[in-house]
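The values are calculated or read from the model by the stated rules, or taken from the named source; none is laboratory data. What you see is a predicted model; the values in this text were computed from it and never measured. Every residue, glycine among them, receives a Cβ derived from its backbone with ideal geometry; neighbour counts consider all protein chains shown.
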Amino acid sequence: MNSPFTGADWVSVAPLSIVAVSALVVLLADLLAPKNMSRYVPIGIALAGLIVAAIDCAASYHGHDYAAFGGAFIVGGFSVVFQEIILICAAGSVVLYGTIGAGERTPGAIALLLWSTCGAMLMAGAGNLMTIFLGLELLSLALYCLCGLAERRTAREAALKYLILSSTASGFLLYGMALLFGATGSVALADLVSPALASNPLLWLGAGMFLIGIAFKLSLVPFHTWSPDVYEGAPLPVTAFMSVATKAATLAVFARFIYAALPPGVDQRLLLPVWIIAAISMIAGNVGMLAQRDLKRLIAYSGIAQVGYILTALAGGTALGLRYAIFYIAAYTFMNLGAFAVAALLSGDAEQGSTLANYRGLGHRRPVAAALMTFFLLAMAGLPPTAGFLGKVLILSTSVNTGYAWLGGFLIAGTAISLYAYAKVIFAMYARDAHGQAHDLRPLAPLAWISAVACFVLVLLMTFYPLTPSNVLPLVR
Amino acid sequence: MLAPLLVLVPIAAGLVMLLLRSENATLAKAIGAIVAAATFVLALLVQNGSSELREFSFRWLSRPFESSFHFGVTSISIWLVLLLTVCTFCAVLATNVSRTRAFVAQLLLLEGSMLGLFLARDLLVFALFWDLMLLPVFFVLIGWGQHHATAWRYLLYNFAGGLTLLLATAAFGVLYGSTDVIGRGGVNLIGSWAPWIFAGFAFAFLVKTPVWPLHTWMPLTYADTPAPMVAVVSAVQSKAGLYGLIAIGMALMPDSLRASAMFFVVLGVISLLYGAFTALVQSDCKRVVAYSSLSHLGLIVVAIASFNPIALQGALIYMVGHGLFSAALFLILGFVESREDTRSLTRLGGLGAQNPRLAGALCIASLAALGLPGLAGFVGEIIILTGVFQAGWIWAVVLALIPIVLAAAYMLRLFQGIMNGPQVADLPVRPDLSWIEGLALAPLVLALVFVGVNPHVLTTFDTRAYNAVASIAQGTAR
């Protein structure tokens, strides 16, 4: 029997396949290798796989768009950029296992992380509802296990909480998809754009449910309560991955949906509630940060607000807005990964680096690590000279340009609040009376150092070279 | 090419100093002073050099609006650049705090970021350095300040201003298509958005200057920051708001500034009166100078809002004059504090007998502050009052005369409280100014006298400044 798929279809998913295969190699190495295999072996295999996948993926950036598997997976500038971001994030998370091991489970954890990466990459290129769901579940199922892998009680709590709430979100998403299918008789996103559908109640209901599911996954207020608890409980590398890759993949789905899959006349009316919850998230996320004592919870709340900033860029539905959203997602990726890398530098297996109390006096004990952390926190707050500053300028200008200046106003208000929370950490690191409280810090963590310094350089350079990909449209074919 | 060098040299020097291991205080001060002196020389070269030396431009953004890393002195900013480099030089030499190396490094970072601000010919670059210059002061406040609340109040007030500035810059860029506009003639942003954009800029400038009622961060910050840094902050960072009001508010959005002139004059006059009366009753001597600053800067706000060419010339001269005497005053108060371990006017007394040179310096600086003819403060004040009178704001001039009388009262109270009277028995007796402390004060005191007896130098050094602002003012004063 002839396969309905051509070779080009399989080539287009080659980066995913490479990542998936390297996960198998990691497991195989664990099986064949001696009992006390160094944790750097699986990390090395995973990094090699990710790098090869990234190179392979980058090669298709300048090619024309291609809809593989009958439109299920779309290759183009947009999906390539998001896949690269996800691959970078996976690499940045895998290196953290260099300091925070999951004991003998490390190879398994890394393999799960790689499969999760596959799911996220699938979402980045998903061209129909089935692929979106497939990618999302692949991403999430691996993450449920990863969350529960640590020995702590909070980790199991996090895993259970994540499982239940994420499944609820998936339920919304799936029901929405069913209704959308009912409205159109097709699962392809491209078929939703028909003007005849604009007055179809099934489409409105379906798209609404779909967006609620997305809002859950993006942890927008009021669907955000799971993320601080889950981030806190999960192991540090998994939190790093969740805070960026999950968000990037979901944002890719969201952007493709609102840019390319809504009939004309529906979009602005249907999306207004989304922009309103984005505005609320910018305020509530930043307010939520104020009382946190744990870096991972801090970043969870920060992420709620940062997604609000990114949605502000998307609000106008313009190509420039999409490019600036991608710029900000990339900047956010590097600043978050950098902050997690510094936290990993200060951590042993007990993850001391995620407790903010351990940062007191760090500026006196570990000046370089403290300076890096300061830089990443300033980047999250949007102060110069960081990519966060330029990202906010670009988002503000696009919000003015597209008539969503009120979202820009919320962004300003949220940023003002957020600075207090970030500066509190900086304050603790440099305050004059904050000496002592020394604890056992890992003296040498080469991979985390490299990751932190690389993120620093990238966040700094992105301030001066605003690389925004120009060929991200069209999103569907 | 020299202009960006002027920004990069102090920032690079400051960062390198932060990384150094040596805690040798003398070495740190020597390096800091050399860098600051080098920036002074560079600034003179930039001012007198060819146009390739004066200007530097590097494209930053082409969408959604054009923006460049465009540096170069404008005829208005050159004075502030020179003032900043001199003040930094003096402040570095006057440093007498613990952890000297890190402190001097922060002074250099502050200098670099503020040079970037004054040299920026692009609004977005201006906004970048506007936020950046908060950080050195914040780090000094948490590392050397007495009260934690001060650092927070400084950062949050000024960052709020920085954010409205950022939003206004983005909106300006979108509407005008380019932010590469500072010092470019013929820009006048109008339309339904213009008042809002102007309001965003104005809020930032008024917080930074500051004027009543946005000033509450200022007395705390000035009292808590070690003297060398507060000298730079009060002398030059407070001028950033006024410079912005002239170079951005007046030059780019004259119609909006003109429409809200009454608002600015009222705020300026309230600051004038409020600052003077409050300075009269302060017991912390740094707070006396802090509130006197509020009063003096209120006068400059009135001068700018009056849209009169004479008043604007006065404002430029007074900005330099106030920079010189407030830097001198804060440095001297720092020396007093390091000798007597207190800043309380109720405790201090009789220091002049033991420290004649210190007393002489304080005498000249406080006389300049109260507007004695022959010193730098007087020239600016009288020209401003003439110009504001000519512009027709007679009630403002009449009200402004009250704080000028009060200035004599609070400045003499400050001088007498510290230097005159019987010596206080339980306060330590320490030697007079060392030569290095004298060297830190000498440029400021000499400049005060020089500008005071020869104010002509400020108007002949570069006449373009006055032509530029005069043309702006006249163009809209019709």
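Laid out as a table, the results:
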quantity: Residues satisfying the stated conditions in the range A:419-434, i.e. at the interface with another protein chain (Cβ under 10 Å from one of its Cβ atoms) and not in a loop (DSSP other than H, G, I, E, B); calculated: A:L419, A:Y420, A:A423, A:K424, A:I426, A:F427, A:A428, A:M429, A:Y430
quantity: Filter pass, A:A291 being farther than 28 Å from A:V472 by Cβ and either under 18 Å from the mean Cα position of the chain (by Cα) or not in a helix (DSSP H, G or I) (or both); calculated: yes
quantity: Residue that is among the polar types (S, T, N, Q) and within 19 Å of A:A313 (Cβ to Cβ), where the choices are A:T374, A:T355, A:T386; calculated: A:T386
quantity: Count of the range B:131-150 residues which are modelled with pLDDT under 90 and either of a type in the set (A, V, I, L, M, F, W, C) or in contact with a Pro (Cβ under 6 Å, 6 or more places away or on another chain) (or both); calculated: 3
quantity: Those helices (runs of 4 or more DSSP H) lying entirely in the range A:1-90 with at least 2 residues at pLDDT 90 or above; calculated: A:14-32, A:40-59
quantity: Selection from the range B:180-208 of residues that are among the aromatic types (F, W, Y) and outside any helix (DSSP H, G or I); calculated: B:W193
quantity: Residue that is within 22 Å of the chain's Cα centre (by Cα) and either aliphatic (A, V, I, L, M) or at pLDDT below 75 (or both), where the choices are B:L444, B:L433; calculated: B:L444
quantity: 1 or more residues under 19 Å from the mean Cα position of the chain (by Cα), in contact (Cβ under 8 Å) with a residue 24 or more places away in the chain and in the same structural domain as B:R413 (by TED's automatic domain parsing): qualifying helices (runs of 4 or more DSSP H) within the range B:233-286; calculated: B:261-281
quantity: Exclusive hit being over 17 Å from A:A339 (Cα atoms) and at the interface with another protein chain (Cβ under 10 Å from one of its Cβ atoms), set A:G382, A:G408; calculated: A:G408
quantity: Complete set of residues in the range A:386-401 that are within 11 Å of chain B (Cβ to nearest Cβ) and over 24 Å from A:A431 (Cβ atoms); calculated: A:F389, A:L390, A:K392, A:V393, A:L394, A:I395, A:L396, A:S397, A:T398, A:S399, A:V400, A:N401
quantity: Test for B:G392: is it outside the structural domain of B:Q146 (by TED's automatic domain parsing) and either outside any loop (DSSP other than H, G, I, E, B) or under 30 Å from B:A25 (Cα atoms) (or both); calculated: no
quantity: Boolean, A:V368 is without any contact (Cβ under 8 Å) to a residue 60 or more places away in the chain, part of a helix (DSSP H, G or I), within 13 Å of another protein chain (Cβ to nearest Cβ) and surrounded by 21 or more Cβ atoms within 10 Å (Cβ to Cβ); calculated: no
quantity: Flag if A:A150 is touching a residue at least 60 places away in the same chain (Cβ under 8 Å) and assigned to a helix (DSSP H, G or I); calculated: no
quantity: Whichever residue in the range B:118-138 is more than 10 Å from chain A (Cβ to nearest Cβ) and part of a helix (DSSP H, G or I) and, among such residues, is farthest from A:A423 (Cα to Cα); calculated: B:L119
quantity: Matching option when the condition is under 30 Å from A:A159 (Cβ atoms) and among the β-branched types (V, I, T), among A:V41, A:V80; calculated: A:V41
quantity: Subset of the range B:83-99 (residues that are surrounded by fewer than 21 Cβ atoms within 10 Å (Cβ to Cβ) and either more than 14 Å from chain A (Cβ to nearest Cβ) or assigned to a helix (DSSP H, G or I) (or both)); calculated: B:N96
quantity: Test: residue in the range A:339-346 that is more than 8 Å from chain B (Cβ to nearest Cβ) and over 20 Å from the mean Cα position of the chain (by Cα); calculated: yes
quantity: Scan of the range A:135-163 for residues that are surrounded by fewer than 17 Cβ atoms within 10 Å (Cβ to Cβ) and over 20 Å from A:I110 (Cα atoms), ordered by number; calculated: A:R153, A:T154, A:E157, A:L160
quantity: Test: residue in the range B:166-179 that is out of contact with any Lys or Arg (no Cβ under 6 Å at 6 or more places or on another chain), more than 10 Å from chain A (Cβ to nearest Cβ) and outside any helix (DSSP H, G or I); calculated: yes
quantity: Flag if B:V207 is touching a residue at least 40 places away in the same chain (Cβ under 8 Å), surrounded by 22 or more Cβ atoms within 10 Å (Cβ to Cβ), more than 11 Å from every other protein chain (Cβ to nearest Cβ) and in contact with a Gly (Cβ under 7 Å, 6 or more places away or on another chain); calculated: yes
quantity: Residue tally, condition touching a residue at least 60 places away in the same chain (Cβ under 8 Å) and closer than 12 Å to B:G249 by Cα, over the range B:184-201; calculated: 6
quantity: Among the residues listed as B:L18, B:L8, B:L27, B:L53, the single one being within 13 Å of another protein chain (Cβ to nearest Cβ), farther than 30 Å from A:L396 by Cβ and surrounded by fewer than 18 Cβ atoms within 10 Å (Cβ to Cβ); calculated: B:L18
quantity: Test for B:V302: is it over 16 Å from the mean Cα position of the chain (by Cα), surrounded by fewer than 24 Cβ atoms within 10 Å (Cβ to Cβ) and either in contact (Cβ under 8 Å) with a residue 24 or more places away in the chain or over 19 Å from B:P210 (Cβ atoms) (or both); calculated: no
quantity: Residue count for the range A:91-132, restricted to those that are over 17 Å from the mean Cα position of the chain (by Cα) and in a strand (DSSP E or B); calculated: 1
quantity: Answer from B:L214, B:L141, B:L115 - the residue that is in a helix (DSSP H, G or I), more than 10 Å from every other protein chain (Cβ to nearest Cβ) and touching a helix residue (DSSP H, G or I) at 6+ places or on another chain (Cβ under 6 Å); calculated: B:L115
quantity: Only listed residue being free of Cβ contacts under 8 Å to residues at least 12 places away in the same chain and assigned to a helix (DSSP H, G or I), chosen from A:V342, A:V400; calculated: A:V400
